[in-house]
Amino acid sequence: MEGEILKTVNLSAYYGKHQVLKSITLSFPENRVTAILGPSGCGKSTFIRCLNRMHELVEGARMEGKVYLRGKDIYEMEPTTVRRKIGMVFQRPNPFPTMTIYDNVIAGYKLGGIKLKKTEADALVEDSLRKAALWEEVKDFLYKRGTFLSGGQQQRLCIARALAMKPEVLLLDEPTSALDPKSTARIEELIQELKKTVTIILVTHNIGQASRVSDFTAFLYLGELVEFGATERVFTVPRDKRTEEYLVGKFG
Ligand SMILES: Nc1ncnc2c1ncn2[C@@H]1O[C@H](COP(=O)(O)OP(=O)(O)OP(=O)(O)O)[C@@H](O)[C@H]1O
Ligand SMILES: [Mg+2]
C-alpha cells in the first residue's frame, strides 16, 4: 500500500492455549488515523500491544507472525527502541502521581536514563504540551502535580508524554472512554491535528468516534480481521455482514 508505515503479517496472539488473534495481516497508512473497531473482548487491546512489544510483557502471552515498522521487523529491534518509536496512551489517564506536570512530560527520558540539558528539557516540555493542546492551560502550573488536572487534561498530559519521545506511531487504546463529552471532543480535535506529524492507531468501540476521526477502519470480530478499508466506504457499504450488523448496533 502507498505510504504504509506499519504492517502486520499473519499475526496471531495467545494467552496460554487461548488464541485471541487469528492471523491478522494489515497495513497502516502513514499520517492517517486508523480506527480499530470491534466489540468488547474481540482482541483490540491485545492487537495493539503486539504492535509495540507490550504483549510479550504479559505473563503467559505469546505471539506468532510479523510486525514491520518501515520494513524492519520490530521483533529484531530493541524493545525500548520500538516503544519509543511506537508510543501508547491508555484508556485511563495515568500520569505519574508523584511527578509534576513538567516531569511527567519528560518522564520517558528520566526513566530511560537519558539526560537532557535544562534548556532542551524546557523546550521539549513546551513543544510537547503545545502539540497536545494543553500548554495554555498549564503553563503557569508546570511544577504542580499532574494529578491535580481534570481527567481530560490528564489524558492530554499522557499524550504530551508520549509525544515527547517523538514517536512515529501513536497507539491510543480507547483514550476517551473515561472522559466526559467535552473532553472527548477536545481529544478528537487533537487527533485530527496530530495526524499531520504522527500516524495514529485508535482503538475504540465508539462507532461515532471512528466515523468522525478516522481515515481508515479495521473491524475485528472474535480475533479475526473481518474488514479493512477507507472509513467512509466501510461505514456506507460494508462488505461483510458482521461489519454491517455491528455498525447498525445489532451486537457489541
Ligand atoms: N492478560 C490476559 N490473560 C488472559 N486472557 C486475556 C488477557 N488479556 C486479555 N485476555 C483475553 O483476550 C481476549 C481479548 O482481550 P482484549 O483485551 O484484547 O479485547 P478488547 O477488544 O480490547 O476488549 P475491550 O473492548 O473490552 O477492551 C479476551 O477474551 C480476554 O479475556
Ligand atoms: Mg481493550
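The values are calculated or read from the model by the stated rules, or taken from the named source; none is laboratory data. In this text, all values refer to a predicted model and were calculated from it rather than measured experimentally. Every residue, glycine as well, gets a Cβ built from its backbone with ideal geometry; the counts of neighbours run over all protein chains shown.
Kindly list the number of the only condition in (1) charged (D, E, K, R); (2) over 22 Å from Glu224 (Cα atoms); (3) away from ligand 1 (no atom under 16 Å from the Cβ) that fails for Lys7.
(2)
Only one of (1) crowded, with 18+ Cβ neighbours inside 10 Å; (2) free of Cβ contacts under 8 Å to residues at least 60 places away in the same chain; (3) more than 20 Å from Lys7 (Cα to Cα) fails for Leu194. Which number is that?
Condition not satisfied by Leu194: (2).
Just need a number here: residues in the range 23-74 that are within 8 Å of ligand 1 (Cβ to nearest atom) and touching a Leu at 6+ places or on another chain (Cβ under 9 Å).
Residues in the range 23-74 being within 8 Å of ligand 1 (Cβ to nearest atom) and touching a Leu at 6+ places or on another chain (Cβ under 9 Å): 9 in total.
Go through the range 208-231 residue by residue and tally those that are touching a strand residue (DSSP E or B) at 6+ places or on another chain (Cβ under 9 Å), within 26 Å of Leu190 (Cβ to Cβ) and free of Cβ contacts under 8 Å to residues at least 60 places away in the same chain.
Counting residues in the range 208-231 that are touching a strand residue (DSSP E or B) at 6+ places or on another chain (Cβ under 9 Å), within 26 Å of Leu190 (Cβ to Cβ) and free of Cβ contacts under 8 Å to residues at least 60 places away in the same chain gives 3.
Considering only residues that are basic (Lys, Arg) and farther than 22 Å from Asp127 by Cα, which ones fall in the range 156-213?
Lys182, Arg212
Can you go through Thr243, Thr176 and tell me which one is free of Cβ contacts under 8 Å to residues at least 40 places away in the same chain and within 16 Å of ligand 2 (Cβ to nearest atom)?
Thr176
Could you tell me which residue of the range 10-22 is nearest to ligand 1 (Cβ to nearest atom), considering only residues that are surrounded by 15 or more Cβ atoms within 10 Å (Cβ to Cβ) and among the small types (Gly, Ala, Ser)?
Taking the range 10-22 and keeping what is surrounded by 15 or more Cβ atoms within 10 Å (Cβ to Cβ), we get 11-14, 19-22.
Still in the list and also among the small types (Gly, Ala, Ser): 12-13.
Working: Ser12: 12, Ala13: 8 Å.
Of everything passing the filter in the range 10-22, Ala13 is nearest to ligand 1 (Cβ to nearest atom).
Go over the candidates Pro93, Pro39 one by one and state the one that is within 16 Å of ligand 2 (Cβ to nearest atom), crowded, with 19+ Cβ neighbours inside 10 Å and either of a type in the set (Phe, Trp, Tyr) or at pLDDT below 95 (or both).
Only one candidate qualifies: Pro93.
Among the residues of the range 204-224, which ones are within 10 Å of Leu37 (Cα to Cα), surrounded by fewer than 22 Cβ atoms within 10 Å (Cβ to Cβ) and not polar (S, T, N, Q)?
Correct list: His205, Ile207, Tyr221.
Would you kindly identify the strands (runs of 3 or more DSSP E) lying entirely within the range 199-239 that contain at least 2 residues that are acidic (Asp, Glu)?
Per the criteria, 224-230.
Restricting the search to the range 75-98, which residues are within 16 Å of ligand 1 (Cβ to nearest atom) and closer than 18 Å to Ser12 by Cβ?
Those that are within 16 Å of ligand 1 (Cβ to nearest atom) and closer than 18 Å to Ser12 by Cβ: none in the range 75-98.
Can you find a residue that is at pLDDT 95 or above, aromatic (Phe, Trp, Tyr) and either surrounded by fewer than 19 Cβ atoms within 10 Å (Cβ to Cβ) or not in a helix (DSSP H, G or I) (or both) anywhere in the range 147-169?
No, that holds for no residue.
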